[in-house]
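A.B. asks: The structure that follows is given in the form of structure tokens.
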Amino acid sequence: MSFRIETSLRSRRVGRFVARVVDSLRRAFAEEASRTGLTQAKMAEILEVDRSVINRRLNGESNLTLRTIAELAYAMGDREIVFELRERQAPVKTTRFDAPSVACLTMPGCDVKVGVV
């Protein structure tokens, strides 16, 4: 027996947005850790929380608020947060031979761009 789980368009879009935010946070942490030796323990000390809180936030295991995103950016060297809402563009139709091999945040159909720089 197989099961098929249907998710709404809204749920898929929300899930993709949250995944992009968490991915941006992880990449920013990795860059800062490589550049300055920043650790989750040091971030926890800066934000006065337990290291496990930082770990859960960077792994997407806790609900992120705008405040927690800003706090994480601050702890990662006071990084600037970029947030942009724009109209969704019509998807570009491609054949399997001319489809790009790498996806990016600015591809057609992406209605929200988020990054921690």
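A.B. asks: With R67, R12, R57, R4 as the choices, which residue is charged (D, E, K, R) and surrounded by 14 or more Cβ atoms within 10 Å (Cβ to Cβ)? Talk me through it step by step, then tell me what you get.
C.D. replies: Working: R67 fails: surrounded by 14 or more Cβ atoms within 10 Å (Cβ to Cβ); R12 fails: surrounded by 14 or more Cβ atoms within 10 Å (Cβ to Cβ); R4 fails: surrounded by 14 or more Cβ atoms within 10 Å (Cβ to Cβ).
Of R67, R12, R57, R4, the one residue that is charged (D, E, K, R) and surrounded by 14 or more Cβ atoms within 10 Å (Cβ to Cβ) is R57.
A.B. asks: Which pairs do you get when a residue that is free of Cβ contacts under 8 Å to residues at least 40 places away in the same chain, found in the range 64-92, comes within reach of a residue that is of a type in the set (S, T, Y) and not in a helix (DSSP H, G or I), reach meaning Cβ atoms under 9 angstrom, with the pair 6+ apart or on two chains?
C.D. replies: T68/S62
A.B. asks: A follow-up question, please. Can you tell me how many residues within the range 6-40 are in contact (Cβ under 8 Å) with a residue 12 or more places away in the chain and not basic (K, R)?
C.D. replies: So the answer is 13.
A.B. asks: Name the residue, out of R27, R35, R13, that is part of a helix (DSSP H, G or I), under 22 Å from R88 (Cβ atoms) and either basic (K, R) or touching a Gly at 6+ places or on another chain (Cβ under 7 Å) (or both). Explain how you work it out, then say what you get.
C.D. replies: On the way: R27 fails: under 22 Å from R88 (Cβ atoms); R35 fails: under 22 Å from R88 (Cβ atoms).
Every option except R13 fails the conditions.
A.B. asks: Being out of contact with any Leu (no Cβ under 9 Å at 6 or more places or on another chain) and at pLDDT 95 or above, is that true of even one residue in the range 70-89?
C.D. replies: Among the residues of the range 70-89, at least one is out of contact with any Leu (no Cβ under 9 Å at 6 or more places or on another chain) and at pLDDT 95 or above, which makes the answer yes.
A.B. asks: Also, I was wondering about something else. Within the range 4-34, take every residue that is among the aliphatic types (A, V, I, L, M) and over 11 Å from the mean Cα position of the chain (by Cα) and give me the one that is nearest to L64 (Cα to Cα).
C.D. replies: As a first pass, look at the range 4-34 and keep what is among the aliphatic types (A, V, I, L, M): 5, 9, 14, 18-19, 21-22, 25, 28, 30, 33.
Imposing the further condition that a residue be over 11 Å from the mean Cα position of the chain (by Cα) reduces the set to 5, 9, 14, 30, 33.
Details: I5: 25, L9: 21, V14: 13, A30: 19, A33: 21 Å.
Residue satisfying both the conditions and the ranking: V14.
The values are calculated or read from the model by the stated rules, or taken from the named source; none is laboratory data. Fair warning: this is a prediction, and the values are worked out from it, not measured in the lab. Cβ atoms come from the backbone with ideal geometry, glycine included; neighbour counts cover every protein chain shown.
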